[in-house]
Amino acid sequence: MLERICHKQVVFTSLESIAPKVLKSRKKLAIFSGVDRKSFYHAIFQCEQKSRFISQHADELLHLYAALTLHVNHNYKHKHLLLKAPLCSKAGALLKEKGWIIYNDIV
């Protein structure tokens, strides 16, 4: 899963998984919080779905990110989305505007 991020020469000193139930969400996605060797924090969301990832999903992802920052009490330097679904151009533009890095592997 993290092979795509490792190609960017990011090595994590710690990586922990956070359950979506902790953030009061019923979404089926994987959430990771990691620290790299330069002590920068990374938020990694992995989403796998059959339908197109639209702007509504992007808004829900931004709300989950806000809940994550409140849960861990700090902001993240880097935000990654590992997506295995077709990506809507409006959703991609919205997330890139907010500073997200999107890795899209279409199924």
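Can you list the helices (runs of 4 or more DSSP H) lying wholly within segment 1-105 that have 3 or more residues being at pLDDT below 85? Steps first, please.
Numbers: elements: 3-6, 55-72, 89-97.
Result: 3-6.
Can you tell me which residues in segment 61-72 are under 18 Å from LEU94 (Cα atoms) and in contact with a Ser or Thr (Cβ under 8 Å, 6 or more places away or on another chain)? Spell out the reasoning first.
At the first step, the residues of segment 61-72 found to be under 18 Å from LEU94 (Cα atoms) are 61-66.
Of everything in segment 61-72, just one residue is under 18 Å from LEU94 (Cα atoms) and in contact with a Ser or Thr (Cβ under 8 Å, 6 or more places away or on another chain), namely LEU64.
Taken over segment 21-40, the criterion of being over 12 Å from the mean Cα position of the chain (by Cα) and at negative phi is satisfied by LYS21, VAL22, LEU23, SER25, ARG26, LYS27, LYS28, VAL35, ASP36, ARG37, LYS38, PHE40. Summed over segment 38-74, the residues that are basic (Lys, Arg) and farther than 18 Å from ILE101 by Cβ give a count of 2.
Can you spot a residue in segment 52-65 that is among the polar types (S, T, N, Q) and either surrounded by 12 or more Cβ atoms within 10 Å (Cβ to Cβ) or touching a helix residue (DSSP H, G or I) at 6+ places or on another chain (Cβ under 9 Å) (or both)?
Taking segment 52-65 as the starting set, the residues that turn out to be among the polar types (S, T, N, Q) are 55-56.
After this cut, where a residue has to be either surrounded by 12 or more Cβ atoms within 10 Å (Cβ to Cβ) or touching a helix residue (DSSP H, G or I) at 6+ places or on another chain (Cβ under 9 Å) (or both) as well, the list is 55-56.
Yes; the residues of segment 52-65 include at least one that is among the polar types (S, T, N, Q) and either surrounded by 12 or more Cβ atoms within 10 Å (Cβ to Cβ) or touching a helix residue (DSSP H, G or I) at 6+ places or on another chain (Cβ under 9 Å) (or both).
May I ask you to list the residues in segment 84-107 that are over 18 Å from GLY34 (Cβ atoms) and hydrophobic (A, V, I, L, M, F, W, C)?
First, pick out the residues of segment 84-107 that are over 18 Å from GLY34 (Cβ atoms): 84-98, 104-107.
Listed by number, the residues that qualify are ALA85, LEU87, CYS88, ALA91, ALA93, LEU94, LEU95, ILE106, VAL107.
The values are calculated or read from the model by the stated rules, or taken from the named source; none is laboratory data. Predicted, not measured: the structure shown is a model, and the values here were computed from it. Don't worry about glycine lacking a Cβ; one is built from the backbone with ideal geometry, like all the others, and counts go over all protein chains shown.
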